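Engineer: Please find one structure pasted underneath; my questions will follow.
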Amino acid sequence: MRRANSAALVLLSGLPGAGKTTFARAFCARLPAAHIESDRVRRDLFGEPAYTPAEHAAVFAEVERHAALALDDGRVAVVDATNLTARDRARFVALARRKGVPLVAVRLVAPDGVVRQRLGVPREGWSQAGEEVFDAMRNRPQPIAVRHLVIDTRFALEPSLRALQRIVERSAG
């Protein structure tokens, strides 16, 4: 049984096509959690995204705002974005500290061939990333400085979903 205030910030990281959104949706179906998908926020704010630095800043300010609201409400906030660099993740690490909630970082990975196969077919959802975006971002990932899980999404997700749920419930509850 979860306590009334079980807030935690789950910070997903991974290249396009790594399975972040699929994983986030499955995880959020398991417990009361807010799924904050940067691609959706971008499309809500900018119907035809240009991916400029100013647009990026606006999108991530809104993602952070949604995460803060969920945390203030005592909920788990799942931030679904590439978050490939320490700079990308810093605002969310700082948010968890400011709110006094646990941060659970998760890097989602899959072999290049699996990612290319995923990106090579029409995608459902909000992401517009294709193989060209994957290729442009391949060398961006930086090590995650906090303890984190690494989940290979080519395998069944259920064991990883259970593990993450246990970690979140133990750290937040």
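Bear in mind these aren't lab numbers, they're just calculated from the coordinates by the rules spelled out. The structure presented is a predicted model; accordingly, all values stated were derived computationally and were not measured. FYI the Cβ positions are ideal-geometry reconstructions off the backbone, even for glycines, and counts take in every protein chain you see.
Engineer: Looking at the stretch 8-172 from every direction and averaging, what is the projected area of its Cα convex hull in nm²?
Structural biologist: Values: hull surface 36.2 nm².
Result: a mean projected hull area of 9.0 nm².
Engineer: Which distance in nm do the two modelled labels at VAL150 and GLU124 give, with both placed 7 Å along the Cα-to-Cβ direction?
Structural biologist: 3.0 nm
Engineer: Using alpha carbons only, how many angstrom separate the centre of the stretch 143-167 from the centre of the stretch 62-141?
Structural biologist: Taking the Cα centre of each part, the stretch 143-167 and the stretch 62-141 sit 14 Å apart.
Engineer: How would you order 26-33, 8-15 from highest to lowest mean count of nearby Cβ atoms within 10 Å? Let's see the in-between values first.
Structural biologist: Details: 26-33: 15.6, 8-15: 26.1.
In descending order of packing, they fall as 8-15, 26-33.
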